[in-house]
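Just below is one structure, and these are the notes that go with it.
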Amino acid sequence: MRFKLLISSALLLAMAAPALAQEDYTEFASKEDFFTITFPGKPVMTEGTYVTEYGVVLSSKVYTVNEPNGSKHVLTVVDYSPVERILAQKAFETCPLGAETCLGVGDTGLGYWKNDVRGAVTHAIAKLLINQDVKVTHLAFNFMEMVGGQEMQAVNIKDGSRVSASAYMHLNRLVFAVSTTPKGWPESEVLQQSVGWLDENGRGIRYAYLYSNEPDHHAPIIPLRQQAPAQPGQAPGRIEAPTAGR
């Protein structure tokens with residue numbers, strides 16, 4: 001009798017699972033911003049602004065998915081390319097002659113623009129922690145397709161919701177994914193564990209060794225690891241942008 005009860009419970013859970021889970025997954029590729037990702041639903045894209053650690057206001061693209069159970073997934077993509085120009089101009093216009101504290105040096109760049117780019121990932125994660133009423137349960141280095149970044153999980157002390165986040169920099173693009181699930185639900189890792197990268201032609205890539213978004217222009221280029229071509233009738237191993245390579 002006990003064995004039959006266990007079977008019946010398992011069948012009930014299997015039948016209920018589709019009703020509780022998000023049914024639609026959207027594989028997304030951005031040739032313009034050199035990344036791919038899988039959304040747990042159909043995202044809505046809006047344009048916004050993003051403030052860097054050194055106060056530069058940049059344009060951002062914000063992709064949002066709201067699930068029936070109250071979970072929310074937000075992907076923020078920011079092009080850091082204007083940072084060098086903006087902070088260098090600000091340094092020339094506002095810094096006293098010879099003042100290293102705001103001019104910067106070779107290692108930091110004029111107006112500390114290199115530090116702003118290097119610290120983009122840390123700054124993104126810090127936005128979720130500084131002056132926030134959360135308990136951090138996980139904070140670590142991670143990489144996706146050999147692109148280095150950071151990941152974090154936390155519990156909101158006020159309402160018990162769970163936050164899962166990751167941030168990466170690739171070709172001067174910050175890709176910052178944050179998922180929030182209600183109390184009683186586990187962390188969602190669909191966004192965080194599905195990030196991939198594209199080259200300038202929209203082809204899915206993986207680097208041969210650890211990639212760091214180094215702002216120094218003379219930094220060596222990280223080689224790509226060769227990807228075996230898909231067999232006839234077989235899907236490629238990673239998402240690619242539409243018309244990639246054509």
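Database remark: amide H of T26 closer than 5 angstrom to the amide H of F39, G41 (H placed geometrically; neighbours at sequence offset of 5 or more, or on other chains; Pro and chain starts carry no H). For the stretch 25-205, the Cβ-based charge dipole about the Cα centre amounts to some 380 debye (Lys, Arg positive; Asp, Glu negative; other atoms uncharged).
Counting Lys and Arg as +1 and Asp and Glu as -1, what is the net charge of the other residues whose Cβ lies under 11 Å from the Cβ of L171?
Around L171, the charge tally is -4.
From least to most packed, judged by other beta carbons within 10 angstrom and beginning with the fewest, D33, D159 follow the order D159, D33. In sequence order, the stretch 69-82 has phi-based couplings of 7, x, 5, 9, 10, 10, 10, 10, 10, 10, 8, 8, 4, x Hz under the Karplus curve 6.51 cos²θ - 1.76 cosθ + 1.60, θ = phi - 60°, and Gly or Pro positions carry x. Sorting 89-95, 163-169 by average packing, meaning the other beta carbons within 10 Å per residue, from highest down gives 163-169, 89-95.
Here the Karplus curve 6.51 cos²θ - 1.76 cosθ + 1.60, taken at θ = phi - 60°, turns the phi angles of the stretch 124-130 into couplings of 4, 5, 4, 4, 8, 10, 5 Hz, with x standing for Gly and Pro.
When each of the peptides 191-198, 126-133 is scored by the mean number of other C-beta atoms lying within 10 Å of its residues, the order from highest to lowest reads 191-198, 126-133.
Pairs exceeding 30 Å between alpha-carbon atoms, taken from K31/K114; K61/K90; K114/K183; K42/K114; K31/K135: K114/K183; K42/K114; K31/K135. When the alpha carbon coordinates of the stretch 25-205 are projected onto the principal axes, the ranges are 57, 43, 29 Å, largest first.
No value in this document is a laboratory result; all are computed from the given coordinates. Because the structure is predicted, anything quoted here is derived from the model rather than measured. With ideal geometry, Cβ positions are generated from the backbone for all residues, glycine too; neighbour counts draw on all protein chains shown.
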